[in-house]
Amino acid sequence: MNIYAMNSLAVLVSCGLLSACGQDEPAAPTLSFEEALQLQLIEAEPGDIIQIPAGIHAMTRSLSLNVPGITIRGEGIDTSILSFRNQLQGAEGLLVSADDFVLEDLAIEDTVGDALKINESTNITIRNVRTEWTSGALTNNGAYGIYPVQSSNILIDGAVAIGASDAGIYVGQSTQIIVRNSRAEYNVAGIEIENSTFADVHNNVAVNNTGGILVFDLPNLPVQGGRNTRVFDNQIGNNNTANFAPQGNIVGTVPAGTGLMVLANDNIEIFGNTFENNATTHVIIVSYFITERPFDDPQYDPFPESIFIHDNQFSGGGSSPDSEPLKALQAATGQAIPDVVWDGILVPGTLPQQVLCLADNGDASFVNLDAGNGFATPTFDKSVHACSLPKLSVITLSSAVK
């Protein structure tokens with residue numbers, strides 16, 4: 001047998017041992033759903049639609065996206081579920097740093113940290129998305145459910161947020177914002193607009209939180225000067241869940257039983273809302289000084305100004321305040337805490353009407369706590385605030401928001 005024949009025989013024998021050369025090579029390893037999804041997010045190109053099928057999909061690591069123009073779409077808010085109950089790595093469920101992003105029709109559950117964080121992005125749509133910590137209102141739950149920050153042109157529509165140890169739906173240091181048709185329940189803060197400008201918060205349900213809706217402006221943040229937020233046509237009731245924020249968080253100062261709180265924010269219009277059975281008070285307007293926290297930010301304005309509260313409905317509430325000054329007020333008067341509470345702290349030289357106007361709220365009651373004088377002489381005369389302020393403009397988002 002010549003050498004060529006010997007080589008051919010060797011190849012045949014080898015191929016037999018390896019189950020036919022080139023025909024039955026070992027199959028590529030099958031990716032898990034989690035691995036396949038993260039690979040899709042990494043390899044995505046603008047315009048791609050990433051589908052999340054029905055089912056509960058176990059995730060152990062944070063997901064991330066930094067490609068613009070991507071849509072992630074499930075089959076329903078209670079049908080396509082990304083469950084992070086056994087999360088081993090990462091600070092969020094899904095972290096997005098990309099423009100022209102759409103997330104819709106799915107749920108994110110039980111993340112170690114924030115459920116959905118969107119950072120420094122433009123043209124964001126969050127539609128029919130649920131974030132939830134399914135074991136109830138616990139301090140070790142993640143801080144934020146839906147969490148766009150330092151972003152613009154944001155639409156949150158039809159969302160559900162449950163169980164966040166800070167805020168269920170939070171928009172911070174952002175501009176041009178709409179939060180609508182959503183439900184926030186059993187969070188410390190149901191819906192929070194913080195250090196942001198030009199926001200419409202409407203047709204939402206905020207119930208069973210510690211505080212239903214918060215509009216805050218805080219010091220020592222890169223973006224300040226919160227203003228021009230409209231809060232209207234919302235149902236804000238029974239926000240009496242005990243505050244379960246981790247120690248030291250600013251929302252840890254929010255009294256259980258707060259319907260709506262405005263802290264150090266300007267040009268706020270609150271109208272058409274229904275407030276029911278918020279045990280501390282329905283609406284509270286306060287300066288940052290009420291927190292008794294020091295600050296050293298020379299750019300920060302700690303005073304609220306130009307707050308216009310009109311055409312709201314109030315019922316129940318104020319029967320069990322979770323605040324020492326308000327408990328003292330209730331003990332002194334023997335009455336429920338009024339529907340609208342103002343701490344009474346003014347910019348020197350400012351008139352009360354420049355801070356707060358009240359109009360057409362039925363027989364809603366009011367108190368000025370006189371906090372600047374140690375709560376010495378609270379007053380209940382709402383006629384001082386019988387005035388109007390210019391109505392704020394409707395928020396219109398970029399046409400890129402779908």
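Coordinate-derived values only; no laboratory data. Since this is a predicted model, take the numbers as computed values, not measurements. FYI the Cβ positions are ideal-geometry reconstructions off the backbone, even for glycines, and counts take in every protein chain you see.
Hey, how much of the P(r) for segment 113-385 falls beyond 25 Å, as a percent of Cα pairs?
38 percent
Which order, highest average first, do 148-161, 294-307 follow once you tally other Cβ atoms within 10 Å for each residue and take the mean per peptide?
Most protected by this proxy first, the peptides run 148-161, 294-307.
Report the label-to-label distance for Gln89 and Glu75 in nanometres (one decimal), using points 7 Å from each Cα along the Cα→Cβ vector.
Taking the two extended label points, one gets 3.0 nm.
Specify the inter-centroid distance of segment 248-307 and segment 178-243, based on alpha-carbon positions, in whole Å.
Centre-to-centre (Cα) distance: 10 Å.
Which of Ser287, Ser319 has the fewest other C-beta atoms within 10 Å, and how do the rest follow up to the most?
Least crowded to most crowded, the residues run Ser319, Ser287.
What is the sum of charges, Lys and Arg at +1 and Asp and Glu at -1, for the other residues whose Cβ falls under 10 Å from the Cβ of Asn239? It would help to have the intermediate numbers written out before the result.
On the way: positive: none; negative: Glu185, Glu276.
With Lys, Arg at +1 and Asp, Glu at -1, the neighbours total -2.
Shape call for segment 207-261 from the C-alpha gyration tensor, a ≥ b ≥ c root eigenvalues: rounded (a/c under 1.5), prolate (a/b greater than b/c) or oblate?
Oblate.
Note the angle between two axes, namely the Cα long axis of helix 33-43 and the longest principal axis of the Cα atoms of the chain, as a number of degrees from 0 to 90, rounded to the nearest 10.
Approximately 80 degrees, to the nearest 10.
With a Förster radius of 56 Å, plug the Cβ-Cβ distance of Gln51 and Arg293 into 1/(1 + (r/R0)^6) and report the FRET value to the nearest 0.05. Could you put the intermediate results ahead of the total?
Working: r = 46 Å, r/R0 = 0.82.
The calculated FRET efficiency here is 0.75.
Quick one: which residues, 5 or more positions from Thr241 or on another chain, have an amide H under 5 Å from its amide H? H modelled 1.01 Å from N in the peptide plane, none for Pro or chain starts.
Hits under the 5 Å cutoff: Asn209, Thr210, Gly257.
Give me the net charge of Val347's neighbourhood, meaning all other residues with Cβ under 12 Å from the Cβ of Val347; Lys, Arg count +1, Asp, Glu -1. Don't skip to the end; give the middle numbers.
On the way: positive: none; negative: Asp266, Asp301, Glu305.
After counting each charged neighbour, the total is -3.
Go ahead and collect, in residue order, the members of segment 180-218 whose backbone nitrogen is under 16 Å from a label point 7 Å along the Cα-Cβ direction of Thr134.
Counting backbone N atoms under 16 Å from the label point, the list is empty.
For segment 392-397, just list the computed ³J(HN,Hα) in residue order, Karplus coefficients 6.51, -1.76 and 1.60, θ = phi - 60°, integers in Hz, with x standing in for Gly and Pro.
Using θ = phi - 60°, the values come out as 7, 6, 5, 7, 10, 8 Hz.
Would you grab the residues whose amide H sits under 5 Å from the one on Asp200? Only those 5+ places off in sequence or on another chain, please, with H modelled 1.01 Å from N.
Counting only residues 5 or more places away or on other chains, the set is Ile177, Ile178, Val179, Arg230.
Could you please rank Lys327, Lys382, Lys391, placing first whichever residue has the fewest other Cβ atoms within 10 Å of its Cβ?
If I rank by nearby Cβ atoms, fewest first, I get Lys391, Lys327, Lys382.
Just to be sure I understand the model, the point goes 7 Å from the Cα along the line to the Cβ. What's the resulting Glu120 to Ser398 distance in nm?
If labels sit at Glu120 and Ser398, their model points lie 1.6 nm apart.
May I ask you to evaluate 6.51 cos²θ - 1.76 cosθ + 1.60, the Karplus curve with θ = phi - 60°, for each residue of segment 269-284 and list the ³J(HN,Hα) values in order in whole Hz, giving x for glycine and proline?
10, 10, 8, x, 8, 10, 10, 9, 6, 8, 6, 8, 6, 7, 9, 10
Taking 8 Å as the Cα distance limit and 6 or more residues as the minimum spacing, I'd like the relative contact order of the chain as a percentage.
9 percent
Contour minus end-to-end for Ser32 and Asn66, with contour as 0.36 nm per residue of separation and end-to-end as the Cα-Cα distance?
10.1 nm
Short version: ³J(HN,Hα) in whole Hz for each residue of segment 134-145, in order, from phi by Karplus 6.51 cos²θ - 1.76 cosθ + 1.60 (θ = phi - 60°), x for Gly and Pro, what are they?
Along segment 134-145, the couplings run 7, 8, x, 7, 10, 4, 7, 5, x, 6, 10, x Hz.
Label segment 233-364 by shape, choosing from rounded, prolate and oblate, from the square roots a ≥ b ≥ c of the eigenvalues of the Cα gyration tensor; if a/c is under 1.5 it is rounded, and otherwise prolate applies when a/b is larger than b/c, oblate when it is not.
Verdict is oblate for segment 233-364.
Quick query: amide H of Ala107 versus all other amide H atoms, modeled in the peptide plane; which residues come in under 5 Å with a sequence gap of 5 or more or a different chain?
Excluding prolines and chain starts, which carry no amide H, the hits are Ser80, Ile81, Leu82, Arg130.
Equivalent-ellipsoid semi-axes (√(5λ), Cα gyration tensor) for segment 317-402, whole Å, largest first?
30, 17, 14
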